[in-house]
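The values are calculated or read from the model by the stated rules, or taken from the named source; none is laboratory data. Keep in mind it's a predicted model, so treat the numbers as computed, not measured. Reconstructed Cβ throughout: ideal geometry from the backbone, glycine too, with neighbour counts over all protein chains shown.
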Amino acid sequence: MKEKSRQGYEAYMEGRVLELGLKAGRQELEEKWRALRRGWYVGGGRFLEQLQDKLGAILAGKKRESHSGGARRAHGERAAQTLLGEGLAALGLSRSDLVALPKGAPEKTVLAWWLRGRTTASLRWLGQRLAMGHYTRVTQAVSRMRRKPGKKLEQLKQRLLATAKTA
């Protein structure tokens with residue numbers, strides 16, 4: 001059986017070589033390969049969800065630098081989106097409330113710290129979703145939470161941490 005499979009594959013490859021001898025065949029192949037090289041998976045939406053679920057298990061407990069590329073970005077953003085919803089609920093806010101708050105609001109500061117520590121979402125993504133303006137505000141928020149958060153931030157932090165324990 002293996003011999004027949006090998007011969008069939010050889011015949012297929014020979015046909016492809018002949019096909020690629022034609023200019024149209026080469027152009028078609030280049031277009032298909034260009035699309036494949038840009039992505040990190042080949043398949044439909046359900047397949048993507050399955051990959052992201054598997055990546056979640058792999059990324060759990062790993063350092064942010066352990067993984068890179070589109071897979072990490074997609075997984076991190078998906079996880080961050082879910083956690084953002086949980087965090088907003090814990091703080092009694094809606095997404096529209098978040099947008100209405102000032103860029104440096106304590107709620108945004110603590111959410112930025114919380115999401116950054118629990119996901120691989122980029123600073124830019126977090127800055128946009130939290131309506132914080134430039135992504136460097138996310139870095140400043142995380143730094144502020146690590147240094148000396150103050151009473152208001154500490155209270156918000158405890159609300160989020162309590163949510164994380166129950167989620």
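Structure values in brief
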| item | result |
| --- | --- |
| Complete set of residues in the range 119-152 that are over 12 Å from Lys108 (Cα atoms), small (Gly, Ala, Ser) and within 18 Å of the chain's Cα centre (by Cα) | Ala121, Ser122 |
| Helices (runs of 4 or more DSSP H) fully within the range 74-135 counting 1 or more residues that are β-branched (Val, Ile, Thr) and assigned by TED's automatic domain parsing to the domain that holds Leu153 | 95-100, 106-118 |
| Hits in the range 136-149 - residues which are surrounded by 13 or more Cβ atoms within 10 Å (Cβ to Cβ), not basic (Lys, Arg) and not in a loop (DSSP other than H, G, I, E, B) | Val138, Thr139, Gln140, Ala141, Val142, Met145 |
| Filter result for the condition that a residue is under 18 Å from Arg95 (Cβ atoms) and free of Cβ contacts under 8 Å to residues at least 24 places away in the same chain, over Gln158, Gln128 | Gln128 |
| Any hit, the range 115-125, residues being among the polar types (S, T, N, Q) and surrounded by fewer than 22 Cβ atoms within 10 Å (Cβ to Cβ) | yes |
| Options Ala90, Ala100: the member that is buried (at least 19 other Cβ atoms within 10 Å of the Cβ) and at pLDDT 85 or above | Ala90 |
| Subset of the range 114-136 (residues that are closer than 21 Å to Gln155 by Cα and either in contact with a Lys or Arg (Cβ under 6 Å, 6 or more places away or on another chain) or at pLDDT 90 or above (or both)) | Leu130, Met132 |
